[in-house]
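Notes follow once the structure below has been shown.
The values are calculated or read from the model by the stated rules, or taken from the named source; none is laboratory data. All of these numbers come straight from a predicted model, not from anything done at the bench. Because the Cβ atoms are built from the backbone with ideal geometry, glycine has one as well, and the counts that use them run over all protein chains shown. Surface areas here come from the heavy atoms of the whole protein model, side chains and all, with no ligands, DNA or RNA. Shrake-Rupley method; radii C 1.70, N 1.55, O 1.52, S 1.80 Å.
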Amino acid sequence: MPESDVVKVRQLTRWQRIGVASLFVAGALFLGGIVFILSGIYNIGAAREHWSITNFIITILRDRSISVASNGVEVPNLNDSDLYLLGAELYDGGCSTCHGVPGRQLNPVYRNMLPQPPDLTGAFSDYSARELFWIVNNGLKYTGMPAWPGEGRTDEVWSVVAHLAKLKEGELDDEPRQVSILPVEDDVAGSGTLPLENCVRCHGDGTTGRVSALVPQLQNLSLPYLMRALQEYRAGTRSSGIMEPIAYEMTDAEIQRLTRYYAELPSVQSPSAASPALLERGREIAEQGIPEQDLPRCSSCHNGTDPQIPRLENQSARYLANQLNLWRETTYRDTHPYGSLMANIGKRMTQDDARAVSAWYASLPPVEGVPQ
């Protein structure tokens with residue numbers, strides 16, 4: 001037989017044979033997975049726990065995703081009392097419905113969720129502060145854990161994390177603070193005490209002080225401004241993970257009653273202390289602006305002539321500085337024209353500018369007879 005007619009069979013190398021076998025195995029697994037999914041035999045009901053292998057895969061995927069995504073998150077001082085005391089009220093208003101009060105049995109509805117909302121007393125045993133921040137801020141897919149409703153309000157998220165840190169240390173229980181029960185007025189149909197109590201827990205009232213310097217003194221603000229703020233929260237044009245859900249449930253009558261209640265309270269004088277140099281710098285910004293930064297003077301608008309623009313006198317320096325910091329953040333949502341104006345102004349301020357002008361306004365006495 002001529003040599004040209006001989007058919008030579010090429011032998012596969014060892015690694016080539018392994019590669020071909022791997023392709024067959026992968027194809028078989030893929031087809032098997034398709035058949036398994038389409039068969040519908042896996043029980044997805046919340047009454048039946050996942051298989052152990054399923055739980056293992058989900059847990060690894062979840063925890064690795066959280067760890068990687070939370071890299072680079074900067075943790076503030078969680079021992080800040082303004083932060084964790086406000087966080088206790090935010091937890092009570094937004095988290096306790098599902099997670100319950102630590103140490104108490106969950107509501108039967110949430111006890112039958114899968115996965116079941118955990119008792120957050122031990123949250124810091126499983127995750128770091130930056131990881132808990134990421135979870136609260138972003139939520140978790142397919143668990144019933146929503147993202148924080150206030151877009152860009154990382155300050156609110158950190159207050160909840162600070163509260164969870166105190167729960168772990170055993171320094172706080174999760175009982176909401178006691179507030180005065182406000183009288184029910186029969187002349188406003190449908191306006192019960194719940195919306196008022198929700199406001200009093202953080203902002204205080206005529207007899208109860210506010211829970212934290214991070215929230216405003218509502219009785220130092222005008223009726224038109226208070227109404228506009230609640231309407232913007234309800235419409236979703238102003239961002240807050242606690243105020244948006246509360247305002248969403250409120251009727252026009254309840255908004256009118258709430259704002260009238262606070263506008264008619266006497267102004268509150270809050271003590272404020274700052275260095276003379278800081279106050280002088282803040283006065284210059286408030287009264288003269290910073291021409292080289294194209295920053296107008298604050299008093300050109302915040303002078304009491306327009307009741308839709310809030311008076312700033314004797315508001316907390318921390319609250320005012322935090323608001324200015326929010327307007328510098330590109331993720332913060334405040335789309336009303338007033339908010340858009342402040343966003344442009346906030347971006348022209350440095351943090352030192354914001355701290356100075358906030359300290360100046362906090363040092364001034366509240367204005368009596370705010371235009372209503």
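Among what's in the range 337-363 and is of a type in the set (Ser, Thr, Tyr) and within 21 Å of Arg228 (Cα to Cα), pick the residue that is surrounded by the fewest Cβ atoms within 10 Å (Cβ to Cβ). Looking at the filtered set, the residue picked out is Ser340.
Residues checked against (1) among the small types (Gly, Ala, Ser); (2) under 11 Å from the mean Cα position of the chain (by Cα); (3) part of a helix (DSSP H, G or I):
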| residue | (1), (2), (3) |
| --- | --- |
| Met113 | no, no, no |
| Thr121 | no, no, yes |
| Ser125 | yes, no, yes |
| Val136 | no, yes, yes |
| Thr143 | no, no, no |
| Glu151 | no, yes, no |
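Of the residues Asp155, Asp174, Asp186, the single one that is at pLDDT below 90 and open to solvent by less than 50 Å² (accessible area, probe 1.4 Å) is Asp174.
Residues are listed down the side, and each one gets a yes or a no for (1) at pLDDT 85 or above; (2) surrounded by 14 or more Cβ atoms within 10 Å (Cβ to Cβ); (3) assigned to a loop (DSSP other than H, G, I, E, B):
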{"site": "Cys98", "(1), (2), (3)": "yes, yes, no"}
{"site": "Pro102", "(1), (2), (3)": "no, yes, yes"}
{"site": "Leu106", "(1), (2), (3)": "no, yes, yes"}
{"site": "Pro117", "(1), (2), (3)": "yes, yes, yes"}
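Looking across the range 64-78 at every residue that is open to solvent by 40 Å² or more (accessible area, probe 1.4 Å) and among the polar types (S, T, N, Q), the one that is nearest to the chain's Cα centre (by Cα) is identified as Asn77. For the range 310-337, the tally of residues that are of a type in the set (Phe, Trp, Tyr) and either in contact with a Pro (Cβ under 9 Å, 6 or more places away or on another chain) or at pLDDT 95 or above (or both) stands at 1.
Do we have any residue at all in the range 325-336 that's among the polar types (S, T, N, Q) and within 24 Å of Pro224 (Cα to Cα)? For the range 325-336, residues among the polar types (S, T, N, Q) and within 24 Å of Pro224 (Cα to Cα): present.
For every residue, the table says whether it meets (1) free of Cβ contacts under 8 Å to residues at least 12 places away in the same chain; (2) in contact with a strand residue (DSSP E or B) (Cβ under 9 Å, 6 or more places away or on another chain); (3) surrounded by 14 or more Cβ atoms within 10 Å (Cβ to Cβ).
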| site | (1), (2), (3) |
| --- | --- |
| Ile57 | yes, no, no |
| Arg62 | no, yes, yes |
| Asp80 | no, no, yes |
| Tyr84 | no, no, yes |
| Leu114 | no, no, no |
| Ser128 | no, no, yes |
| Trp134 | no, no, yes |
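Within the range 285-292, identify whether any single residue is open to solvent by 30 Å² or more (accessible area, probe 1.4 Å), in contact (Cβ under 8 Å) with a residue 40 or more places away in the chain and either in a loop (DSSP other than H, G, I, E, B) or not basic (Lys, Arg) (or both), and answer yes or no. Checked against the condition, which is being open to solvent by 30 Å² or more (accessible area, probe 1.4 Å), in contact (Cβ under 8 Å) with a residue 40 or more places away in the chain and either in a loop (DSSP other than H, G, I, E, B) or not basic (Lys, Arg) (or both), the range 285-292 yields no hits at all. When we screen Pro307, Pro245 for residues that are modelled with pLDDT under 95 and more than 26 Å from the chain's Cα centre (by Cα), the only hit is Pro307. When Ser299 is tested against (1) of a type in the set (Ser, Thr, Tyr); (2) part of a loop (DSSP other than H, G, I, E, B); (3) surrounded by fewer than 19 Cβ atoms within 10 Å (Cβ to Cβ), just one condition goes unmet, and that condition is (2).
Determine, yes or no, whether Ser275 is more than 18 Å from the chain's Cα centre (by Cα) and polar (S, T, N, Q). When the stated conditions are applied, Ser275 passes them. The set of residues in the range 210-240 being touching a residue at least 40 places away in the same chain (Cβ under 8 Å) and under 16 Å from Tyr84 (Cα atoms) consists of Val211, Ser212, Ala213, Leu214, Val215. Candidates Leu324, Leu312, Leu265: the one that is surrounded by 14 or more Cβ atoms within 10 Å (Cβ to Cβ) and assigned to a helix (DSSP H, G or I) is Leu324. Could you tell me whether the range 271-278 includes any residue that is open to solvent by 40 Å² or more (accessible area, probe 1.4 Å) and among the hydroxyl-bearing types (Ser, Thr, Tyr)? The answer is yes; a qualifying residue exists. When the test is whether a residue is β-branched (Val, Ile, Thr) and without any contact (Cβ under 8 Å) to a residue 24 or more places away in the chain, Ile66 does not pass it. For the range 215-238, filtering for residues that are open to solvent by 40 Å² or more (accessible area, probe 1.4 Å) and hydrophobic (A, V, I, L, M, F, W, C) leaves 3.
Of all the numbered requirements in (1) modelled with pLDDT under 90; (2) under 30 Å from Cys202 (Cα atoms), Leu90 misses one, and that requirement is (1).
Across the range 327-336, what is the number of residues that are open to solvent by 40 Å² or more (accessible area, probe 1.4 Å) and outside any helix (DSSP H, G or I)?
The total comes to 6.
The residues listed here are Ser340, Ser358; of these, the one that is modelled with pLDDT of 95 or more, hydroxyl-bearing (Ser, Thr, Tyr) and part of a helix (DSSP H, G or I) is Ser358.
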